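This is the structure I have questions about; it appears just below.
Values quoted throughout were computed directly from the atomic coordinates according to the rules given, and no laboratory measurement underlies them. Since we're looking at a predicted model, the values are computed, not measured. Glycine also receives a Cβ, built like all others from the backbone with ideal geometry; neighbour counts cover every protein chain displayed.
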Amino acid sequence: MIQVTAPFLPPKEEFYAYVDKIWDKNWLTNNGPLLNELELSLKEYLGVKHFLFVNNGTIALQLAIKALNLKGEIITTPFSFIATTSSIVWENCKPVFADIDKQTYNIDPAKIESCITKDTSAILATHVFGNPCNIEAIEDIARKYQLKVIYDAAHCFGVKYQGKSVLEYGDISTLSFHATKLYHTTEGGGLVCNSAELTYRLSQMRNFGFKTAESFDGVGINGKNSELHAAMGLCNLKYIDEILVKRKEQFEYYQLKLNNLKVSYQSIQNGTSYNYAYFPILFKTEEELLKAKAELEVNWIYPRRYFYPSLSGLHYVSEQNTPISDSISSRILCLPLYHQLTTEEQDFICRILLRAQNY
Ligand SMILES: *Cc1c(COP(=O)(O)O)cnc(C)c1O
């Protein structure tokens with residue numbers, strides 16, 4: 001069976017060495033030594049000013065919305081993982097969907113401005129599949145209307161834009177280190193922002209709002225992560241360069257082998273150093289997608305329809321017109337892509353796809 005993804009697992013002995021350290025210190029969570037080591041290592045690896053490790057990417061989004069004190073309406077993308085929208089609703093704000101660009105699959109800045117009302121407080125955009133949004137245009141709009149910008153950068157581990165980490169743009173960027181992501185800590189997430197003051201606020205909020213052991217700065221939540229998760233993160237970080245190199249080869253191998261397949265691909269923003277985290281293909285019609293998916297499934301290959309359905313159709317949001325997202329959502333399929341995937345398996349997948357289109 002081939003799934004859309006499979007988690008990377010480091011050699012057990014390397015993980016056990018960290019487990020020994022945890023037992024020696026008898027320290028499991030609450031800002032422990034491994035967590036500190038991981039935060040410093042990731043800050044350095046990602047090339048960012050401030051970095052906080054939290055317990056998942058969804059809490060990272062919720063903390064970002066909370067720390068920026070967002071109210072009212074947040075303009076967001078309908079083409080993302082459910083957590084991008086559900087976090088907004090969970091924080092009692094209203095998601096307003098601006099449709100996406102049909103080449104990049106990211107929120108279309110030209111559609112943002114008409115969504116702005118007196119109640120708009122922010123833009124929450126996803127760098128879809130690690131492809132940077134049109135950051136300059138979003139910044140211009142945010143400046144003009146005094147809006148905050150959060151980037152859901154869950155797919156962006158290692159992505160650079162215009163020579164620096166893509167995470168450095170916007171007021172806050174959030175990451176996910178879930179087991180299915182390119183870089184993972186089993187469960188986990190991250191927050192990046194350029195302001196030391198905001199980082200401090202986020203760090204208080206992730207720890208119940210504690211200021212000292214006996215005083216509080218404000219309302220908080222439990223967004224902390226554990227030493228065991230940090231250990232997994234430290235183990236995996238040693239392999240990330242190898243993973244990134246392999247991912248690019250696998251991505252390019254698919255492109256080569258699927259050269260004759262009648263599908264189109266996401267356009268990557270100029271100036272991007274990309275991480276090749278996913279391999280989405282866009283069919284001409286949903287029927288073609290369903291046929292290809294069914295052919296793969298009878299061969300025990302399980303691609304995923306990322307992202308389907310379009311979030312603008314969720315029953316708990318007010319209905320909004322996002323025809324491009326609806327259309328792309330219905331026609332896009334992510335092929336299996338993970339470190340252990342072999343060339344033979346890729347060949348097999350490609351043969352089935354080509355055969356489904358009658359080659
Ligand atoms: C995975 C993901 C999240 C959620 O991250 P978790 O760590 O699973 O909570 C949020 N946004 C996007 C775009 C994602 O892909």
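Could you run the Karplus curve 6.51 cos²θ - 1.76 cosθ + 1.60 with θ = phi - 60° over region 195-207 and give me ³J(HN,Hα) per residue in whole Hz, x for Gly and Pro?
Calculated HN-Hα couplings, in order: 9, 5, 5, 5, 4, 4, 4, 4, 6, 5, 5, 6, 10 Hz.
By the scheme Lys and Arg +1, Asp and Glu -1, what is the net charge of all other residues having a beta-carbon under 12 Å from that of Thr58?
Local net charge: -3.
Moving to a separate point now. Can you tell me the FRET efficiency between Trp300 and Glu197 if r is taken as the Cβ-Cβ distance and R0 is 41 Å, rounded to the nearest 0.05?
Once rounded, the FRET efficiency stands at 0.20.
Can you give me the long-range amide H partners of Arg304? Hydrogens built in the peptide plane at 1.01 Å from N, cutoff under 5 Å, separation of 5 or more residues or another chain.
Excluding prolines and chain starts, which carry no amide H, the hits are Cys334.
A further question follows. Taking amide H atoms as placed 1.01 Å from N in the peptide plane, list the residues 5 or more away in sequence, or in a different chain, whose amide H sits under 5 Å from that of Val96.
Counting only residues 5 or more places away or on other chains, the set is Ile74, Ile75, Thr76.
Once you have all Cα-Cα distances for region 240-357, histogram them in 5 Å bins from zero and send the whole-percent values.
2, 11, 19, 21, 19, 14, 9, 5, 1, 0
The chain: D in µm²/s via Stokes-Einstein (Kirkwood Rh, Cα pairs, 10 °C, 1.306 mPa s)?
Values: Rh = 21.2 Å.
Taking Rh from Cα pairs, D becomes 75 µm²/s.
Another one. Tally the DSSP beta bridges in the chain and give the antiparallel ones as a percent, rounded to 5.
Percentage antiparallel, nearest 5: 55.
Here is a further query. Apply 1/(1 + (r/R0)^6) to the Cβ-Cβ distance of Arg143 and Asn321, taking R0 = 41 Å, and write down the FRET efficiency to the nearest 0.05. Walk me through the numbers before you get to the answer.
On the way: r = 27 Å, r/R0 = 0.66.
Once rounded, the FRET efficiency stands at 0.90.
Let a ≥ b ≥ c be the square roots of the eigenvalues of the Cα gyration tensor of region 133-227; is it rounded (a/c under 1.5), or, if not, prolate (a/b larger than b/c) or oblate?
It comes out oblate by the Cα gyration axes.
Using only Cα atoms, locate the centre of region 157-232 and the centre of region 262-341, then give the distance between them in Å, rounded to an integer.
28
Rounded to the nearest 500, what is the chain's calculated 222 nm mean residue ellipticity when only DSSP H runs of at least 4 contribute -39500 (n - 2.57) each, over all residues?
-12000 deg cm²/dmol
Length gain on complete extension for the stretch Ala179 to Thr285, per 0.36 nm per residue less the alpha carbon to alpha carbon distance?
Numbers: separation 106, 0.36 × 106 = 38.16 nm, distance 3.12 nm.
Full extension of this stretch gives 35.0 nm more.
For Gln162 paired with Met1, estimate the spin-label separation in nm (one decimal), with each label point 7 Å from Cα along the Cα-to-Cβ line.
Once both label points are built, they end up 4.6 nm from each other.
Excluding Tyr45 itself, calculate the net charge of residues whose Cβ lies under 13 Å from the Cβ of Tyr45, where each Lys or Arg counts +1 and each Asp or Glu counts -1.
That sum, taken over residues with Cβ under 13 Å, equals -1.
Under 23 Å between alpha carbons, and skipping anything fewer than 8 positions from Lys118 in its own chain: which lysines qualify?
Counting by Cα, and skipping residues close in sequence, Lys118 has these lysines nearby: Lys66, Lys71, Lys94, Lys144, Lys148.
Return the distance in nm (one decimal) between the two label points of a simple spin-label model at Gln340 and Tyr45, each offset 7 Å from Cα along Cα→Cβ.
Taking the two extended label points, one gets 2.0 nm.
Full-extension gain between Asn358 and Val219, please, as 0.36 nm times their residue separation minus the C-alpha to C-alpha distance.
44.1 nm
Ranked highest first by average number of other Cβ atoms within 10 Å, how do 305-315, 254-264, 46-56 line up? List each step's numbers first, then the result.
Working: 305-315: 18.1, 254-264: 14.9, 46-56: 21.1.
Final packing ranking: 46-56, 305-315, 254-264.
Based on the Cβ-Cβ distance from Asn31 to Glu91, what FRET efficiency comes out when R0 is 25 Å, to the nearest 0.05?
That pair, Asn31 with Glu91, gives E of 0.50.
Extension gain Ala17-Tyr308, at 0.36 nm per residue separation less the Cα-Cα distance, in nm? Numbers along the way, then the final one.
On the way: separation 291, 0.36 × 291 = 104.76 nm, distance 4.09 nm.
Full extension of this stretch gives 100.7 nm more.
Sticking with this one: Which residue, Gly233, Gly57, Gly220, has the most motion in a Gaussian network model of the chain that connects Cα atoms within less than 10 Å?
Gly220
Net charge around Met232, counting only other residues with Cβ within less than 11 Å of its Cβ (Lys, Arg = +1; Asp, Glu = -1)?
-3
Counting pairs on different chains as well as pairs 8 or more places apart, how many Lys pairs in region 240-357 have Cα atoms under 21 Å apart?
9
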